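Each remark here refers to the structure printed beneath this line.
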Amino acid sequence: MWFAAPNRVTAGTPADSEYPRQMPFPQTRMRRLRATRALRGLVQETHVAASTFVYPMFVAHGLDRREPIAAMPGVERLSIAHAVDEAGNVAALGVPAVLLFGIPATKDAEGSGAWDDEGVVQLATRAIKEAHPETLVIADLCLCEYTDHGHCGVVRGDTVDNDATLELLARTAVSQARAGADIVAPSDMMDGRVGAIRAALDEEGFADTPILAYSAKFASAFYGPFREAAGSAPAFGDRRGYQMDPANGNEALREARLDVDEGADILMVKPALPYLDLIRRIKDDTAMPLAAYHVSGEYAMIKAAAAAGYIDERGVVLEALTAIRRAGADIIITYYAKEAAAWLR
Ligand code: PBG
């Protein structure tokens, strides 16, 4: 429309019709502020920074070397000693936090390795905190890496028993906090787990340990490479009985609100790029600190396309991370944390 109305300041979010108008072309030329790098910098709305990254690591019990993961070039299963080294590398790049996944020596029906005070995540947490006290250790809290059937809780018949699993998750959280984890991050998608974990932590003297809840975690095909890395693919069935249907957005909002009510300190959407709409909706709805998990399949796709010479890796990664931040994520969990931090220097 070729009309001009004076600029005016409106309170709150103006309805479309009362939006402050500006003179149309040729008075307004959007390209003016794109002319130089300095001008673009002045009006840049979203920033990607290493200080918002979390680097996930796979720590394997009894391993004495770095073991490559086929579908995740550049990511390895690590011994505890290597995990300590890696945490140092991560910190040197300005990345403040690591997220630990454990691969136990043995698995059983209940996943008892998860709450073993001498379990692999507990040992790695102690070792990392001792060597790098400033680095935040976030402990992924789930049973699937520790159960012989690969499901995220106690299996009864052909289903995962929600309420029986809560007790085990709570025990795991306390054990992780006792080992020195700065944050616990439940990724199991059982109902009521944030409340159960909060109560257990408070009771055991860990009232100050925050919970980062995987609030909207979808039953996603993008986790494929992770399951190879962690050896956690379910032996039968799939995770659709507890993880969310990728088709559902309102349900993600309900999950997020429940986690807030149960005492979560930080929420998460996972995966990231295919769910940008939900990052935005949950941020707007809850105003909570929000993390997005740029998952293994998202990483693998970029790595594969870059290796084939189809895309420019650095450009694609920084654009993807920018989009995740623009959608509303405060924190990005990504296997690209180290590379991106180096590119951003
Ligand atoms: C454990 C868990 C998974 C991921 C994070 N925590 C796998 C799953 O739910 O099957 C996936 C992370 C990734 O793909 O990078 N429940």
| query | Which residues, taken from segment 58-77, are buried (at least 23 other Cβ atoms within 10 Å of the Cβ) and of a type outside the set (Phe, Trp, Tyr)? | reply | 59, 60, 75
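Mind checking whether some residue in segment 114-121 is outside any loop (DSSP other than H, G, I, E, B), within 21 Å of residue 52 (Cα to Cα) and in contact with a strand residue (DSSP E or B) (Cβ under 6 Å, 6 or more places away or on another chain)?
Going through segment 114-121, the residues outside any loop (DSSP other than H, G, I, E, B) turn out to be 114-115, 120-121.
In the following step, the residues that additionally are within 21 Å of residue 52 (Cα to Cα) were identified as none.
Scanning segment 114-121, I find no residue that is outside any loop (DSSP other than H, G, I, E, B), within 21 Å of residue 52 (Cα to Cα) and in contact with a strand residue (DSSP E or B) (Cβ under 6 Å, 6 or more places away or on another chain), so the answer is no.
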| request: Check segment 235-256 and report whether any residue there is crowded, with 23+ Cβ neighbours inside 10 Å, under 22 Å from residue 115 (Cα atoms) and touching a Ser or Thr at 6+ places or on another chain (Cβ under 8 Å). | output: no
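Hey, does segment 320-342 have a residue that's at pLDDT 95 or above, among the aromatic types (Phe, Trp, Tyr), closer than 18 Å to residue 90 by Cα and buried (at least 23 other Cβ atoms within 10 Å of the Cβ)? Working first, answer last.
From segment 320-342, those at pLDDT 95 or above are 320-342; that's our starting set.
From the residues that got through so far, the ones that are among the aromatic types (Phe, Trp, Tyr) too are 335-336.
Those still in the list that are closer than 18 Å to residue 90 by Cα too: 335-336.
This time we only want the ones that are buried (at least 23 other Cβ atoms within 10 Å of the Cβ), so: 335-336.
Within segment 320-342, one or more residues are at pLDDT 95 or above, among the aromatic types (Phe, Trp, Tyr), closer than 18 Å to residue 90 by Cα and buried (at least 23 other Cβ atoms within 10 Å of the Cβ).
The rows are residues; the columns are (1) buried (at least 22 other Cβ atoms within 10 Å of the Cβ); (2) within 20 Å of the chain's Cα centre (by Cα); (3) more than 18 Å from residue 100 (Cα to Cα).
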site	(1), (2), (3)
129	no, no, no
164	no, no, yes
182	no, yes, no
201	yes, no, yes
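Taking segment 138-190 only, how many residues are more than 13 Å from residue 214 (Cβ to Cβ), within 11 Å of the ligand (Cβ to nearest atom) and of a type in the set (D, E, K, R)? Please lay out each step first, then the result.
Kept after step one, since they are more than 13 Å from residue 214 (Cβ to Cβ), are these residues of segment 138-190: 143, 145-151, 153-168, 170-182.
From the residues that got through so far, the ones that are within 11 Å of the ligand (Cβ to nearest atom) too are 143, 145-147, 150-151, 153.
Next cut, of a type in the set (D, E, K, R) only: 145.
Of the residues in segment 138-190, 1 are more than 13 Å from residue 214 (Cβ to Cβ), within 11 Å of the ligand (Cβ to nearest atom) and of a type in the set (D, E, K, R).
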| Can you tell which of 48, 43, 59, 95 is over 23 Å from residue 114 (Cα atoms) and touching a strand residue (DSSP E or B) at 6+ places or on another chain (Cβ under 6 Å)? | 95
| task | Please work out which residue is farthest from residue 333 (Cα to Cα), limiting yourself to segment 264-286 and to residues that are out of contact with any helix residue (DSSP H, G or I) (no Cβ under 9 Å at 6 or more places or on another chain) and outside any strand (DSSP E or B). | result | 284
| query | Within the bounds of segment 185-206, is there any residue that is out of contact with any Gly (no Cβ under 8 Å at 6 or more places or on another chain), in a strand (DSSP E or B) and not polar (S, T, N, Q)? | reply | yes
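Which residue, of 314, 239, 325, is within 16 Å of the ligand (Cβ to nearest atom) and of a type in the set (Lys, Arg)? Working first, answer last.
Values: 314 fails: within 16 Å of the ligand (Cβ to nearest atom); 325 fails: within 16 Å of the ligand (Cβ to nearest atom).
Going through 314, 239, 325 in turn, the sole match is 239.
The values are calculated or read from the model by the stated rules, or taken from the named source; none is laboratory data. Since we're looking at a predicted model, the values are computed, not measured. Cβ atoms come from the backbone with ideal geometry, glycine included; neighbour counts cover every protein chain shown.
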